[in-house]
1. At 7 Å along the Cα-to-beta-carbon direction for both residue B:122 and residue A:1, put a label point, then send me their distance in nm to one decimal.
2. How do A:106-115, B:16-25, B:87-96 rank on mean C-beta neighbours within 10 Å, highest first?
3. Any chance you could get the radius of gyration and Dmax over the Cα atoms of the stretch B:113-157, in Å?
4. Shielding by partners for B:28-34, please: the mean number of other protein chain Cβ atoms within 10 Å of each residue's Cβ.
5. Going by C-beta contacts inside 10 Å, put A:18, B:129 in order with the fewest on the left.
6. Can you tell me what percent of all Cα-Cα pairs in the stretch B:75-152 are more than 20 Å apart?
7. Taking Rh as the Kirkwood radius, which is the inverse of the mean 1/r over Cα pairs, what is the Rg/Rh value for the stretch A:1-109?
8. What does the structure give for B:163-170 when I average, per residue, the other chain Cβ atoms found within 10 Å of the residue Cβ?
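Taken together, the values in this text are just the output of simple stated rules run on the coordinates, not laboratory data. Being a predicted model, the structure only gives us computed values, none of them experimental. Glycine gets a Cβ as well: all are built from the backbone with ideal geometry, and neighbour counts include every protein chain shown.
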């Protein structure tokens, strides 16, 4: 890899994606601004991200940037075009364990699921993996010495 | 979800009365991993039936229980859970329930109480398994006691749809429980109906006029 990606960001006007990277040869830290073209509040962010990643001029610089991350940056750009604040936009891309996801719209829920999928994919055992076991049974010891779950502490309020 | 959900009571569910068919339903909040669990059990390449007009996904599965072929329909919510409540037809004729929460999100655990309450309104007797999913994210949770299951006298399974821990066991046990519920259903009306059906068949075979009334009395006096 010629360029080592360090950090990513966005610029709203004109809509652009910013990459801070290190040039391997010169050992210099540089910044690259990549304008996102033909992008509107109706655009498909995953397609736009793919287009950028495969762009002939930017490809080499974006090698170390995961597609998912580029997609999220496009989400932020599109949210801005739709009139959302940066805070709202970032919150929708973050997982808040106390948030009730039942109340989200399809698109918002999809964002949260995409976040969760990252952990899922990291921990995923696939059929092709040499140590894959279809019927994997693990017994977890049961007994009175088990820790009580802190989630049960406010029991009375919920009528559990 | 923006409206447009047809009435799932239009679906033909009489088929679940056949001996070799069972219906197992999944319950739980959005994004607890219900579909991921189904997919891990059935493995990739499986294409479920999307009944999007009913906000419902059906997974069909064939297996053998005690040497008998059994057709299992797994019902998954496909977003219907976002109304915080399911259509009564979702519960109708179900033989077992798999109730899932996400060990990383307390609210999904707390909401079990609501799901369970609704389940029991429609299906007071069917077996129900509580599932603690995503244990791969934090194995320490398997040391914890989740009181809800214990309090309701329900079995609790620690599973991970990602690495597969206890997923197959969960579904196999759910099918077994569904079958045994079906065979030993304590639903009184079901039993009465079955007795009456048997009686009518016997009657036709006997064809003895004078004994008819006597035997009828005997039958209806069954406990």
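1. Once both label points are built, they end up 5.0 nm from each other.
2. Ranking the peptides A:106-115, B:16-25, B:87-96 by packing returns B:87-96, B:16-25, A:106-115.
3. Reported Rg and Dmax, both Å: 12.1, 35.
4. The mean count of partner-chain Cβ atoms within 10 Å per residue comes to 4.
5. Values: A:18 14, B:129 20.
Fewest-to-most ranking of A:18, B:129: A:18, B:129.
6. 33 percent
7. Values: Rg = 15.2 Å, Rh = 15.0 Å.
Across the stretch A:1-109, the Cα-based Rg/Rh ratio is 1.02.
8. 6
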